[in-house]
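K.L.:
Just passing along the structure, written as structure tokens.
The values are calculated or read from the model by the stated rules, or taken from the named source; none is laboratory data. Since we're looking at a predicted model, the values are computed, not measured. Here the Cβ positions follow ideal geometry from the backbone for every residue, glycine too, while neighbour counts run over all protein chains shown. All accessible areas refer to the heavy atoms of the entire protein, side chains included, with ligands and DNA or RNA removed. Shrake-Rupley method; radii C 1.70, N 1.55, O 1.52, S 1.80 Å.
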Amino acid sequence: MTVNTIGVIGAGQMGSGIAQVFAMAGFKVIMQDVKDEFVAKGLSVIKNSLAKFLEKQKISQEIHNAALANIKTTLNLKDMADCDIIIEAAPEDINLKLEVFKKLDEAVKKDAILATNTSSISIAKIAGVTRRPDKVIGMHFMNPVPVMQCVEIIRSSKTSEATYDCVKELVKKLGKTAVTASDSPGFIMNRILIPMINEAISALHENVATAEDIDTGCKLSFNWPMGPLALADLIGLDTCLAIQRVLYKEFKDEKYKPCAMLEECVNKGWLGRKTKRGFYLY
Ligand SMILES: NC(=O)c1ccc[n+]([C@@H]2O[C@H](COP(=O)([O-])OP(=O)(O)OC[C@H]3O[C@@H](n4cnc5c(N)ncnc54)[C@H](O)[C@@H]3O)[C@@H](O)[C@H]2O)c1
């Protein structure tokens, strides 16, 4: 299958990053969100990121200009009708994702692949609301997308070999490395990462140490580029909580119970960098 045009649902931190890397690799991209202001914000994040890449001489002026020219935006799913693959990066909420996939299935051509950037939700459940479960797959990019090298590909029992091969080839064309996971809650990356973040929050909650000491300790002891609490702020505490809840619900194991402090932060609207307050102030 030849892929020329990519649709991206959601112009938030992941959607805008996914749109950017495909546009930089020469693909035509249509990025969709529900309000003009969200689309405009996504586009401005892409422009800033491309300008930084140019300044650091990581891309040429030609690629910079071509990438910008490759991206179109819309509020209407119907504009994705001719896309060859659509990658959904709407919030980590199963009902929202099911709704989006139902509509997408009707709006786009029959042979298009429908991918989801979900962090934890079952690909089979998402595929179940479409008439093309063989063409539904998980394509889990890491944050920030233009920088991180890994893409986790998740196949459900219904995902076809052709769909898998096509997505694997696309990851290669982006210059990234694919790892493959089965359709288990949290897949590989978030099965490991989010409980670790939840544990760091529990340590803070139980006054084991300050946020700064937890993060500094992890950075210097484990050689990590950032500590777990700063990373939680980057991911978004709402997203961390949503993933932890999926792990808890699906594995039915107390060890995955979300920390009360994480719940409190989200209830207060402290979602991390995107609201300028999480475990740190921004
Ligand atoms: N944040 C991370 O570090 C990270 C990493 C990997 C995967 N993910 C996953 O990527 C997805 C998006 O996360 P994010 O961090 O970009 O969230 P975000 O909140 O930054 O962006 C989500 C965007 O989706 C838009 N949206 C809401 N409803 C929509 C709809 N019905 N149709 C189209 N757009 C809609 C919102 O307006 C927003 O712009 C989630 O599934 C998340 O689990 C996040």
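K.L.:
Restricting the search to the range 24-45, which residues are under 15 Å from LEU170 (Cβ atoms) and either surrounded by fewer than 24 Cβ atoms within 10 Å (Cβ to Cβ) or near the ligand (Cβ under 8 Å from one of its atoms) (or both)? Spell out how you get there, then give the answer.
P.N.:
Taking the range 24-45 and keeping what is under 15 Å from LEU170 (Cβ atoms), we get 24-29.
The answer is ALA25, GLY26, PHE27, LYS28.
K.L.:
While we're looking at this one, here's another question. For the range 70-105, give me each residue that is open to solvent by 10 Å² or more (accessible area, probe 1.4 Å), in a helix (DSSP H, G or I) and closer than 25 Å to MET24 by Cα.
P.N.:
Residues satisfying the conditions are ASN70, LEU77, LYS78, ASP79.
K.L.:
Okay, next question. Taking the range 255-269 as the region of interest, how many residues are open to solvent by 70 Å² or more (accessible area, probe 1.4 Å), in contact with a helix residue (DSSP H, G or I) (Cβ under 9 Å, 6 or more places away or on another chain) and in a loop (DSSP other than H, G, I, E, B)?
P.N.:
Residues in the range 255-269 being open to solvent by 70 Å² or more (accessible area, probe 1.4 Å), in contact with a helix residue (DSSP H, G or I) (Cβ under 9 Å, 6 or more places away or on another chain) and in a loop (DSSP other than H, G, I, E, B): 1 in total.
K.L.:
Determine which member of the set GLU106, GLU152, GLU161 is modelled with pLDDT of 95 or more, away from the ligand (no atom under 16 Å from the Cβ) and not assigned by TED's automatic domain parsing to the domain that holds LEU241. Walk me through it before giving the result.
P.N.:
Values: GLU106 fails: away from the ligand (no atom under 16 Å from the Cβ); GLU152 fails: away from the ligand (no atom under 16 Å from the Cβ).
Only one candidate passes the filter, namely GLU161.
K.L.:
Oh, and also: For the range 149-162, what are the residues that are surrounded by fewer than 23 Cβ atoms within 10 Å (Cβ to Cβ) and touching a Lys or Arg at 6+ places or on another chain (Cβ under 8 Å)?
P.N.:
So the first thing to find is which residues in the range 149-162 are surrounded by fewer than 23 Cβ atoms within 10 Å (Cβ to Cβ), and the list is 149-150, 152-153, 155-158, 160-162.
Matches in the range 149-162: GLN149, CYS150, ILE153, SER160.
K.L.:
Here's something else I'd like to know. Filter the range 124-134 down to residues that are open to solvent by 10 Å² or more (accessible area, probe 1.4 Å) and under 19 Å from the mean Cα position of the chain (by Cα) and give me whichever is nearest to the ligand (Cβ to nearest atom).
P.N.:
Applying the filter and picking the extreme gives LYS125.
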